[in-house]
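Derivation of every value follows stated rules applied to the coordinates shown; laboratory data play no part. Being a predicted model, the structure only gives us computed values, none of them experimental. All Cβ positions, glycine included, derive from the backbone under ideal geometry; neighbour counts span all protein chains shown.
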Amino acid sequence: MHQAPSYLALARSGDLARRVEQLNSLLSSCTVCPHDCGNNRLDDEIARCYTGRLPIVSSYTAHFGEEPLLVGTRGVGNIFFGNCNLRCAYCQNHQISQNHRVERQHEVTIERLAQIMLELQDRGCHSIGLVSPSHVVPQIVEALEIAVREGLRLPLIYNTNAFDSVDVLRLLAGIVDVYLPDLKYADADLAYEYSSVREYPRIAREAIVEMHRQVGGTLMLGPDGLVRRGLIIRHLVLPNDIAGSKASLHWVADALGPGVTISLMAQYFPTHLAASMPLLSRTIRQGEYERVLEYLDTLSMDNGWAQEFASHEYYRPEFERRDAPFTGGADNENACCIHEPHPARNESSGH
């Protein structure tokens with residue numbers, strides 16, 4: 001029997017509706033993400049994320065480029081939200097994350113967002129992936145409540161840059177099944193230089209600790225062998241150790257334990273503004289990547305995946321193709337190879 005998403009119980013108890021009210025109240029003087037802009041998004045004032053009352057859906061698709069235990073045979077039903085609360089100079093999704101004048105044209109109603117979730121379920125996707133959701137959490141949960149009434153039953157994956165409000169994450173407890181955060185930097189000054197946010201390491205680490213508190217450090221699998229609940233931390237290796245990879249991985253092992261699942265990524269390529277930045281203007285070298293892999297071994301961090309080193313050659317999202325942004329390779333060929341994951345299996349019907 002498949003493990004039911006936790007949000008179904010919250011919907012039955014009425015708690016999901018109460019969460020919608022609590023989250024929407026944050027929009028009146030916006031504190032949805034750590035920027036704490038204070039704009040009245042209920043009146044459609046535009047916050048630092050260039051988003052007002054309505055969410056922006058730049059693309060949605062069955063995506064096959066995520067980690068193997070998420071993708072399965074039918075893919076993750078990814079919903080790519082436009083704009084972002086970071087401004088990463090090398091963002092591979094920059095066409096939708098930092099192009100607000102165009103992306104505002106892709107606003108959708110809450111009802112339409114609910115329909116998109118149901119459409120992805122009807123396509124046979126294994127789960128709903130919420131990509132760059134941090135600035136539109138109230139809208140997502142409001143749409144979720146509608147979709148549940150119409151029959152949504154898929155687990156939710158919260159695919160985030162980890163620049164998240166801990167208070168908002170607490171309101172997602174029991175709603176999100178799988179947390180998929182990035183851990184981008186270990187150095188706050190470098191985070192500001194390359195992503196235009198202050199205090200990223202502190203904020204991201206606090207957010208990840210909260211995610212871990214909610215879902216634990218062991219992946220729970222359903223009878224189909226896919227993740228039904230858990231935490232997977234992604235770390236993108238950057239050239240010249242801008243990401244501070246060893247420091248970040250050491251923190252994960254020390255704060256959360258070496259059994260936490262890590263997805264180590266080699267897909268960096270100098271896109272957007274990075275091509276003109278000396279320290280970011282090249283792909284990573286094989287030696288740089290291998291040193292991070294070796295450090296994982298010294299930490300006894302055996303659970304997770306490591307991308308093929310050559311993944312930067314074919315992971316090229318193209319969001320001008322709104323319906324199929326990954327047809328250049330990553331949508332048809334999983335970029336991750338197994339790095340000895342040891343997830344737990346849980347076939348029960350509840351949490």
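Kindly state, to the nearest 0.05, the FRET efficiency for GLU294 paired with SER28, given R0 = 51 Å and r defined as their beta-carbon distance.
Numbers: r = 50 Å, r/R0 = 0.98.
FRET efficiency, GLU294 to SER28: 0.55.
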Distance between the stretch 200-278 and the stretch 138-169 - C-alpha centres, whole angstrom: 20 Å
Hey, could you pull the Cα Rg and Dmax for the stretch 30-93, both in Å? 15.0, 43
Dividing the mean separation of Cα pairs under 8 Å (6+ apart) by the residue count of the chain yields a relative contact order in percent of 19 percent
Please compute the Kirkwood hydrodynamic radius over the chain, one decimal place, Å, based on all pairs of different Cα atoms. 20.2 Å
Let me see the P(r) profile for the stretch 259-298: every Cα-Cα distance counted, bins of 10 Å, each bin given as a percent of all pairs. 25, 43, 25, 7
As a check on your grasp of the helix formula, calculate [θ] at 222 nm for the chain: sum -39500 (n - 2.57) over DSSP H runs of n ≥ 4, divide by the residue count, round to the nearest 500. -9000 deg cm²/dmol
Going by the alpha-carbon gyration tensor, a ≥ b ≥ c the square roots of its eigenvalues, is the stretch 141-238 rounded (a/c under 1.5) or, if a/c is not under 1.5, prolate (a/b greater than b/c) versus oblate? prolate
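Quickly rank 289-299, 66-76 as a protection proxy: mean count of other C-beta atoms within 10 Å, highest first. Walk me through the numbers before you get to the answer.
Values: 289-299: 14.9, 66-76: 20.9.
Highest-to-lowest ranking by the protection proxy: 66-76, 289-299.
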How high is the relative contact order of the stretch 92-210, in percent, counting Cα pairs under 8 Å that sit 6 or more residues apart? 21 percent
